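What follows draws every value from the coordinates through simple rules; no lab data is involved. Remember, predicted model here, so these are calculated numbers, not experimental data. A quick note on method: Cβ atoms are made from the backbone with ideal geometry, for glycine too, and the neighbour counts reach across all protein chains shown.
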Amino acid sequence: MTLERYLDNRRRWETLIVAAAVLLSLFANVGIVWIEYARGGDDWPRWLPWVLETTSHIGLAAIIPLILWFDRRFPVRAGTWRISVVAHALFSVVASAIHVTVMYIGRVLAFRLLSPDNHYQWVDWGREFGYEYLKDFRTYMLILAMIYLYRFIILRLQGEAGFVGDDDNEETPAISDRFLVKKFGREFLVRVADIEWIESAGNYVNLHVRGRVYPLRDTMTSISEKLAARGFQRVHRSAIVNLDQVAEIVAFDSGDGEAKLRTDISVPVSRRFRKELRERLG
């Protein structure tokens, strides 16, 4: 299967990959718990490892979409990563509470069905939740790290962009209406007008185009100057938006805000650029 075919059905494949990962983790953990009980030597019901791990993994499957949703609201990007990391740390408590609730209810119901004489219950909820949260926090951060590693790999496979006619000998070169994407020895053109927004990424800027991201070796200051006359506006030290893609501006009490794009993406807007953005939008 080619990368293009994968990207065309990206959401479907990503769902299958997550489902496969959860199932693989379930079987691996059941095996580990089974071995631990067997080493203990005591008599134990053979369904117990399956109940303990299945309920836990159902809870895990429930919070993965929530982590993805929250990361869209607070992505870890240059310029806003401190706020995002704190936000994710706080949200991990909510995610853990959901995971524990689903897991606990599942175990109570399973014990009532499979062993009516034995009830599953926690005596010390504070201690038990604290124990589960420590494990959930580690899992949350691992999931987040894997999300960003996956995005990094996809980003590199999609290819690197370069503007057609870009001349490094000029201070602020004129820019054509297309940029060139090089990938696997192939080259193809994408229209500048199709760029939805641009974010800072170290020595690169990432061009977001119709659900795909193309890295371009340039600075935010340089790319902002090049694209200003083509309907682009810098809104944050780490973000530039295509004005035609802005659907709404949301103001915060702090003076900052965010621009909601027509693709349902939220881009941070700092107070420094908010007035100019409103003026250009009319």
Q: Please arrange Ile98, Ile35, Ile143 by counting, for each residue, the other beta carbons lying within 10 Å of its beta carbon, fewest first.
A: Ile35, Ile98, Ile143
(Q) If the only charges are +1 at each Lys and Arg Cβ and -1 at each Asp and Glu Cβ, what is the size of the charge dipole of the chain around the Cα centre, to the nearest 20 debye? (A) 300 debye
**Q.** the chain: most fluctuating residue of Asp117, Asp194, Asp264 per GNM, C-alpha cutoff 10 Å
**A.** Asp117
Q: Based on other C-beta atoms within 10 Å, arrange Asp43, Asp177, Asp218 from fewest to most.
A: Asp43, Asp177, Asp218
Q. Taking only DSSP H segments of four or more residues, each worth -39500 (n - 2.57), what value at 222 nm results for the chain once the sum is divided by all its residues, to the nearest 500 deg cm²/dmol?
A. -18500 deg cm²/dmol
Q) Taking amide hydrogens as modeled 1.01 Å from N in the peptide plane, which residues meet the under 5 Å criterion relative to Trp122, leaving out close sequence neighbours? A) none
Q. Between Ser266, Phe111, Ala89, whose Cα lies farthest towards the positive end of the dipole of the chain when Lys and Arg beta carbons carry +1 and Asp and Glu beta carbons carry -1, centred on the Cα centre?
A. Ser266
(Q) What are the ³J(HN,Hα) couplings of the stretch 105-115, residue after residue, when phi is run through the Karplus curve with 6.51, -1.76, 1.60 and θ = phi - 60°? Round to Hz, x for glycine and proline. (A) 4, x, 5, 4, 5, 5, 5, 5, 7, 9, 8
Q | Contact order relative to length of the chain, as percent, for alpha carbon pairs under 8 angstrom and 6 or more apart | A | 10 percent
Q) Which order results if Lys135, Lys275 are arranged by neighbouring Cβ count within 10 Å, fewest first? A) Lys275, Lys135
Q. Taking the Cα centre of the stretch 3-157 as the origin, how large is its charge dipole in debye, to the nearest 20, when only Lys and Arg (+1) and Asp and Glu (-1) carry charge on their Cβ atoms?
A. 800 debye
